[in-house]
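These notes concern the structure reproduced below.
Please treat every number below as a calculation from the coordinates, not as lab data. Everything quoted here is computed from the prediction, not taken from an experiment. Methodologically, a virtual Cβ is constructed for each residue, glycine included, from the backbone with ideal geometry; neighbour enumeration extends over all protein chains shown.
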Amino acid sequence: MALDRKSVPNDLSAFWMPFTANRQFKQAPRLLVGADGMWYKTHDGRDVLDGTAGLWCCNAGHNRPKITEAIRQQAGELDYAPAFQMSHPKAFELASALRDMAPDGIDHAFFTNSGSESVETALKIAIAYHRARGEGTRTRLIGREKGYHGVNFGGISVGGLVNNRKFFGTLLNGVDHLPHTQLAENAFTKGVPEHGAYLADDLERKIALHGADTIAAVIVEPVAGSAGVIMPPKGYLEKLRKITREHGILLIFDEVITGFGRTGAAFGADTFGIQPDMMTTAKGLTNGVIPMGAVLVSGDIHDTFMTGPDHMIELFHGYTYSGNPMAAAAGLATLETYREEDLFTRAADMAPYWEEALHSLRDCRHVIDIRNIGLIGAIELEPMAGEPTKRAFNAFLQAYEKGILIRTTGDIIAMSPPLIIEKEHIDQLVGTLRDVLTTLD
Ligand SMILES: Cc1ncc(COP(=O)(O)O)c(C=O)c1O
């Protein structure tokens, strides 16, 4: 592809960019104009190695032929089908493929268009489920400090990132939070840390405080991604599962990041051997190519709604684009690509090399913690005095100039490369990061 600086639009002012320092960006834009496999092309003609799978979503790498072709064909065959009281074959095929991939007992898929919508959908299903089975007092939702569950009102209410919450009013009523699981004593642990399973016991205290009969669901990310890759301590998720089950509370895993191979298995639920009642997904479901999410739901929850007269709608919820034909085609082709290339196993096989490479940065300046699981990694930096987030943001800018794409959140560098990554790419990512950290103020 011929590339030149003319690819920069001459007016950047109209687009209010999401989760972006708009003024900084528009002074020195970073535009991507092409992609292939592990690589992005920038507007100024450089190749940049993708250390983040876009935004944790292009798990099979970029411009995968099967996915591109599926979308092309679908666009020429059936552009749109109404999502309510009508459908089209591929939505059913994709739901079945997801059921086959999900842990036993997760039997149904409700389609959405994003991770945020999957979260809202799961929270609503949880409350409506209890009501449908005669426990309408169970409306309370429990999230976790430092959790990220998207940006809609339900998601920011159960989420635990202060900047995503504090500007937006009083949020949902009846929400409480468990403590986060980042403990200083676990610093530089490879994989899942030893200490902290006791943090799940806080749920018992919430139950004692509010009464189990007021609590609908607990929602957590198996591995907290957006807060900077925070691991569940050994035994922690097992405890959450045990306590929720004992008290009739649903356990929702937000697998928007951990789904589709990221932790070295299909879902975080598989990696940790836990069976949640619902799982929220998006991102890797279509390899990021077309917006789509899905809430994966247990047979018990689904069947609870299937009562009353046949002509009645069972759940008053859905989106115009739920199960959209183009997204469903992209989803099917994506799942086939994962399967044909055995990418989840590949991620598991590559994880030890990834772990060793990341932890080799332990001696670099400013580094105060390194965390990893599957093909996820985080390098936490000591913040600059009085200027939180600046050091990591500078690292991001320098890394981009030096040809690698990383992501930062707070003062944490987070990485989640496509699962097709080769050892030489890992070497390039880590080598460049070492250069950056060496010169960083
Ligand atoms: C765990 C989790 N849940 C929900 C979301 C929101 O997804 P989206 O940006 O597609 O709405 C994200 C996005 O990063 C996520 O990491």
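Ordering G147, I215, M292 by Cα displacement along the dipole of the stretch 67-340 toward the positive end leaves G147 in first place; charges were set at the Cβ atoms of Lys, Arg (+1) and Asp, Glu (-1). Long hydrophobic helices in the chain: none of the complete DSSP H runs spans 27 Å or more by Cα along its own axis with mean Kyte-Doolittle hydropathy of at least 0.5. Ordered by the count of other Cβ atoms within 10 Å of each Cβ, fewest first, D104, D411, D277 give D104, D411, D277.
Just list whichever of K124/K283; K66/K242; K124/K146; K190/K239 have alpha carbons separated by over 30 Å in the model shown. Too far apart for the 30 Å limit: K66/K242. Mind running the shape call on the chain? Use the C-alpha gyration tensor, a ≥ b ≥ c as the square roots of the eigenvalues: rounded below 1.5 for a/c, prolate if a/b tops b/c, oblate otherwise. Oblate shape, in that a/c is at least 1.5 and b/c is the bigger or equal ratio. Our note on the geometry: Cα centres of the stretch 223-274 and the stretch 99-154, 14 Å apart.
Here the 3J(HN,Hα) profile of the stretch 186-198, calculated from phi with Karplus coefficients 6.51, -1.76 and 1.60 at θ = phi - 60°, is 8, 3, 6, 6, 8, x, 7, x, 6, 9, x, 4, 4 Hz, Gly and Pro shown as x. Here each label is just a point 7 Å from Cα along the line to Cβ, and for V8 and E77 those points are 4.3 nm apart.
From least to most packed, judged by other beta carbons within 10 angstrom and beginning with the fewest, F15, F393 follow the order F15, F393.
Listing S416, S298 from fewest to most neighbouring C-beta atoms within 10 Å gives S298, S416.
Length gained on full extension, R245 to R46, computed as 0.36 nm times the residue gap minus the Cα-Cα distance: 66.4 nm. When the chain is treated as a Gaussian network with alpha carbon springs shorter than 10 Å, the biggest mean-square fluctuation among T52, T112, T389 belongs to T389.
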